[in-house]
Structure formats: structure tokens, C-alpha cells
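To start, the structure itself, in C-alpha cells.
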Amino acid sequence: MWSQTTTLTSDTYFKQYEQISDSMASVFPENDIKTYRRVSFSDAEMQRYLSLHFKRLDLLNHIEGHAKFVLDSYLHSGNWFREVGFPKESIKSYLDFFRYYEAHETELSLTERNKFMEMRSYARSILAENYAKLGLLDSAAIQHKVNISFSKNLNYIYHPSSINNYGLFFYWHKKDLDSAMYFFKRAYALTTSKFPKHTLNGSIRDNIADIYTDQEDYEKAQALYQQNFDFFKTAINEETLENDIPRLISAGSQLVMTNTHLNKLEAAQRTLNFLDNIVKLQESKNNLSSSSKLEFLRAKEVLLRAKTNIPAAYTTVKQIEHISDSLQTILNHADKKWQEELNDITIDKIELNFKIDRIQKENMIKNQRAKLWFIGLLSSIFIIVLVSLIISRRQHLINAKNKQLLAEQLLENSALKVEQLNSEIKSKERDLSDFAIKLTQDQDWAKSLADQLEVIKEANSEARPELINELDLAISNKISVDSDTQEFFERLDKLSDAFYSKLTKRYPNLSKNEIRLCSLIRLKIESRSIATLQNITLASLNTSRYRLRKKLQLSEETDLDFFIQNL
């Protein structure tokens, strides 16, 4: 790497970053689409590429005076990790991007700031998508809302795109069709009025049509799929500046399936014939992706079955299975190999950090060697003078030191006693608070019991036995629930002893109920089950979670569950 006699400056790190980038680009250029596909890499190539990429990321923290370069590098890292399927690493790179931007915004020119306005919106959208992939839906929703608010000031496609992405969040992850439709239509109104030729219109139309299809409203869905099919015949992709063939095939395939549902078989056949010519042309150019081929074949199979052409439909199904099995085999192989490679890369990353630290220490020692000799000489003279003074007053110092040690020991004992008393007081306060909460819950239950007794008193003789049985059952359930809950929490406390110690050490102001809530979240128990165990409503649980976030001093962007589960 570096010579041990070389002082590691910012320029040294920058040059090292460029050298590593040149080595990576010699095999997989950053502007080549294959670099962003898992299947492009052999096992050895991927191991080498990932190792070099992590080394580059370590160097970014030491590069100064190149703010735009560092920001672009973090963005590239986040994008690449996202495309090849590593959402956690992608999140880290995007968070590093935002952290670095806040700290170095003043170093950017006005043109660079304007450019990063758009990139910040894009990065925020992908950050939300990565959180959703990991199941951190609260964090994902926060990022979507922040992006919508931020992009509102940008007079470009990013604002309607951020609204559309929020709709996809509700559609894919929340399964909330009404909310998804609201945001899709809101985004569509903006794009059609301000950017009528942008391909985002096609994406939003497709999202709305998908909801209509889920609701089995095929007439409305068919109109939108037809509009998309006509649109993508001439639409130009804003990034490639070419016709978007994959989306044309997708729109046509959806149109075939919708017309088939509506029994418009002739119209479906005309669209399929059109697609068949496109698919054959792209296959001859070796430019047809497996996903596009699968969409086309699935639409073809649905139409053939509707026309009762069973032999042809069976043949098509076999083609679909063959392509699907091949893709799954590749993905399974890649997942296994990548997991093994990441372990090696982690070791390689640690080794790199060790080498950097060692070289820095060795260079520092060499550069300061002369100073150390001079300081050593002065120290020797000072020690000789000091020893002579110590000898002359040795007894006096010993007596004074003994007195001081005795006083310090007494003071330390007193401090320990005070600290112990304070700890016991806080523990009693938490127990009293928990007892007060339990007492309030029991009072509420007792009031409910009194209300039931009042109803029994006022009921006629025929209804009274049944009401008494209900009351008896409620009392039995209460006794059973209290007993089971108490037993559960006793076992939970025993199993979580180490976690409790770690938590109370870092956050001593937590109550016992809050500590137990942390333990339940750590065990990934659902919110509804936690509320039942604590004998509270979901609304009260949400209030408890909010108070817990405050005591843990978590930012809005930090997911509570993710934070506790990683303590």
C-alpha cells in the first residue's frame, strides 16, 4: 500500500482512492449497466470488487477539500449496494451522504448545491425503499414524508415522483389500497399538468390500473393499460434516451391479460401479435431480459387458455417454468456465495484499518523522535531536582499523603453510600410508579365489576343467572390472566437479566414497565400482543413507545424497534 516513511495526507488518501477506482473500472466500469447487476460477476470478481469498494469507503473519511467528489462517491455506493441487493449497506452509504452534506454544504458552489438538491430527493426516496425492504416501516414512512416536503420546493419531476413513491409504500408494504390510490392520483394530477410527456405518467397510470385490477374493476384498468401501451410505443426513456422496450412489453402484456378478463379476445390477440414481433426482434439482438420474456409468456398463456388452446398453453407454461427455474437457481447460488464472500470482506476491511493505523503510528514516532530525545533530557534534569526535594522532605510528604489517603477513603465511602441510597430511592420510585399504574388498572376493573353487579341487581329473574355466569367467568379470566401475566414477566425478567443490566446502565431513568417494554420489543413481539400482556390499549402502548423514544433520546429518523434489537 504505502511506504512506511510516507506521511498520510488528504492528497495521499485521494490518490489511493483513484488508484483503487482505476483498478475496479478496468473490469467493471462505473458507467456500465452490467456493473449494477449481480449476475454480471463471477464469484472471484465479486469478492475482489466488494473488497476494493469497502477499502474506498474507508478512505473517504480522510479526504479533505473534495466535497463534491466525496458526496458523489457516497451516492454511487448507496446506488450500487441497492441495485445488487444489499439494503443495509445501501442505507449506511446514504446516511453517510446526508451526514457529510450537512457538514460540508458551505464548501459547495451554487451550481453544485442545485445539483445535489435533486440528488438529495432521489437518495431520500431510495433510503425509504431500503428501510421498507428490511421491514422498518416507521423509518420508511418518515423518509417518504421528509422527501415530499423537501421536493415540494423543486420545480421538477421529483415532487410528483416522491408522492408516487409514498403511494407505492402503502400499496406494496401497508396493503392499504385507498391510501395508495389517493397518493397515485395526487401525483398523476401533477405530472399530467406539468410534465405530460414524462415517462413517470406511464408508471403512475400503471400503478392506478394495478389497484383497479386488484379490485376486479377491469374496465377502468383496461383503459389505463391501453393508454400506457400507446404511450410507450413512442415514449423516450429520460435516462437512456431510447425507446423503453421493457415497459412497452409490460404495458402490452397487462393489456392482453385485462382484455382477456373482459372476454375481448380479438383485441387481446392483436396486442399479443404486436408484442410477439417486438420480442422476436429483441431476442435476435440478444437484448431481451428474462423478466420481459416472462411477462410476455404469462400473458400469452392466459390468452391461450381463454381460447381453449390447451396444447399451446401447456407448451407456454413449460417455457415459463424453465425460465423461472433458471432465474431462481442463479439467485440461490448468488445468495450463498455472497454470504461467504461478505465474511472474507469484513476480515479484509479490518485488516486494512489495522494497516492504516499502524502506518500512521510508525510515521508519527519517526517524525517526533528528535523531540522525544530533547524532552527526555529535560525530564531527566527535572527528575534529579525533584528527587533531591523529595529526599529533604520525605517524612513530611509521607505523613501528608497518609492523611490525604484517609480523607479520600472516607469521602469515597460516603459517596458510595449516597450513590447506593440514590439508586435505592430511584428503584423504589419506579416500583411505586408501576404499582400506581397497576392499582389504576385494578380500580378500572373493579369499577367495571361494580357496573356488572348493578346490571345484575336490576335484571329480571330470568336473565340474572346468565349475567351471574358472565360475571363469574370475567372474575376467573381476570385471576387467570393476572397469574399468567405475572408468571410470564417473571420468566422474562430471568431470561433478560443481562439485557436489563446493559439497558439500565446506559439509561438509568427507565421505569420497570419501560424496561420490560424494551425486552418485549427486543423479542420482536407484535404491538397488539405487547398491549395485551401489559393490559393496556394500543393507543396507550403508542404513548408508552413515544415516551420511551424521548428517554432514549432517539431522533425522528431512528426506528425504535431497530435500535433496541441492535443494542
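The values are calculated or read from the model by the stated rules, or taken from the named source; none is laboratory data. Remember, it's a predicted structure, so these values are computed and weren't measured experimentally. Cβ coordinates were reconstructed from backbone atoms using ideal geometry, including for glycine residues, and neighbour counts include every protein chain displayed. For the accessible areas, the whole protein counts, side chains as well, though only heavy atoms, and no ligand, DNA or RNA atoms are used. Shrake-Rupley method; radii C 1.70, N 1.55, O 1.52, S 1.80 Å.
Name the residues in segment 515-525 that are surrounded by fewer than 17 Cβ atoms within 10 Å (Cβ to Cβ) and not basic (Lys, Arg), would you? Steps first, please.
Here is the first cut: in segment 515-525, the residues surrounded by fewer than 17 Cβ atoms within 10 Å (Cβ to Cβ) are 522-525.
If the condition is that a residue be surrounded by fewer than 17 Cβ atoms within 10 Å (Cβ to Cβ) and not basic (Lys, Arg), then Leu523, Ile525 are the ones that fit.
Find the residue count for segment 81-127, including only residues that are of a type in the set (Phe, Trp, Tyr) and open to solvent by 40 Å² or more (accessible area, probe 1.4 Å).
If we filter segment 81-127 for residues that are of a type in the set (Phe, Trp, Tyr), which is where we start, we get 81, 86, 94, 97-98, 100-101, 116, 122.
So of that shortlist, the ones also open to solvent by 40 Å² or more (accessible area, probe 1.4 Å) come out as 122.
Adding up the residues that qualify gives 1.
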In segment 1-25, which residues are hydrophobic (A, V, I, L, M, F, W, C) and modelled with pLDDT of 85 or more?
-> Phe14, Ile20
Might you check whether a residue that is open to solvent by less than 100 Å² (accessible area, probe 1.4 Å), in contact with a helix residue (DSSP H, G or I) (Cβ under 8 Å, 6 or more places away or on another chain) and at pLDDT 75 or above occurs anywhere in segment 428-436?
-> no
When segment 228-256 is checked residue by residue, the ones that are surrounded by fewer than 17 Cβ atoms within 10 Å (Cβ to Cβ) and over 35 Å from the mean Cα position of the chain (by Cα) are Asp230, Lys233, Thr234
So, in segment 526-536, of the ones that are open to solvent by less than 50 Å² (accessible area, probe 1.4 Å) and not small (Gly, Ala, Ser), which residue ends up nearest to Ala140 (Cα to Cα)?
-> Ile530
Report, by residue number, each residue of segment 537-563 that is in contact (Cβ under 8 Å) with a residue 60 or more places away in the chain, outside any helix (DSSP H, G or I) and surrounded by 13 or more Cβ atoms within 10 Å (Cβ to Cβ).
-> Glu557, Thr558, Asp559
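Answer with yes or no whether Glu470 is out of contact with any Lys or Arg (no Cβ under 9 Å at 6 or more places or on another chain), of a type outside the set (S, T, N, Q), open to solvent by 70 Å² or more (accessible area, probe 1.4 Å) and not in a helix (DSSP H, G or I). Lay out the reasoning, then the answer.
Numbers: out of contact with any Lys or Arg (no Cβ under 9 Å at 6 or more places or on another chain): yes; of a type outside the set (S, T, N, Q): yes; open to solvent by 70 Å² or more (accessible area, probe 1.4 Å): yes; not in a helix (DSSP H, G or I): no.
Spelling it out, it is not the case that Glu470 is out of contact with any Lys or Arg (no Cβ under 9 Å at 6 or more places or on another chain), of a type outside the set (S, T, N, Q), open to solvent by 70 Å² or more (accessible area, probe 1.4 Å) and not in a helix (DSSP H, G or I).
Whether any residue in segment 312-325 is within 24 Å of Asp244 (Cα to Cα), in contact with a Ser or Thr (Cβ under 7 Å, 6 or more places away or on another chain) and not in a loop (DSSP other than H, G, I, E, B) is what I want to check. I'd like the intermediate steps shown before the answer.
Initial filter on segment 312-325 (within 24 Å of Asp244 (Cα to Cα)): 320, 323-324.
Remaining after also requiring in contact with a Ser or Thr (Cβ under 7 Å, 6 or more places away or on another chain): 323.
Then drop every residue that is not not in a loop (DSSP other than H, G, I, E, B), which leaves 323.
Within segment 312-325, one or more residues are within 24 Å of Asp244 (Cα to Cα), in contact with a Ser or Thr (Cβ under 7 Å, 6 or more places away or on another chain) and not in a loop (DSSP other than H, G, I, E, B).
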With respect to Ala44, determine if the residue is at pLDDT 90 or above and either open to solvent by 20 Å² or more (accessible area, probe 1.4 Å) or touching a His at 6+ places or on another chain (Cβ under 8 Å) (or both).
-> no
Return yes or no: is Asn259 within 17 Å of Ser291 (Cβ to Cβ), without any contact (Cβ under 8 Å) to a residue 40 or more places away in the chain and either out of contact with any Pro (no Cβ under 7 Å at 6 or more places or on another chain) or aromatic (Phe, Trp, Tyr) (or both)?
-> no
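Kindly check whether there is at least one residue in segment 108-127 that is farther than 23 Å from Asn155 by Cα, modelled with pLDDT of 90 or more, part of a helix (DSSP H, G or I) and under 20 Å from the mean Cα position of the chain (by Cα).
From segment 108-127, those farther than 23 Å from Asn155 by Cα are none; that's our starting set.
Checked against the condition, which is being farther than 23 Å from Asn155 by Cα, modelled with pLDDT of 90 or more, part of a helix (DSSP H, G or I) and under 20 Å from the mean Cα position of the chain (by Cα), segment 108-127 yields no hits at all.
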For segment 163-177, enumerate the residues that are open to solvent by 30 Å² or more (accessible area, probe 1.4 Å) and under 13 Å from Ile148 (Cα atoms).
-> Asn165
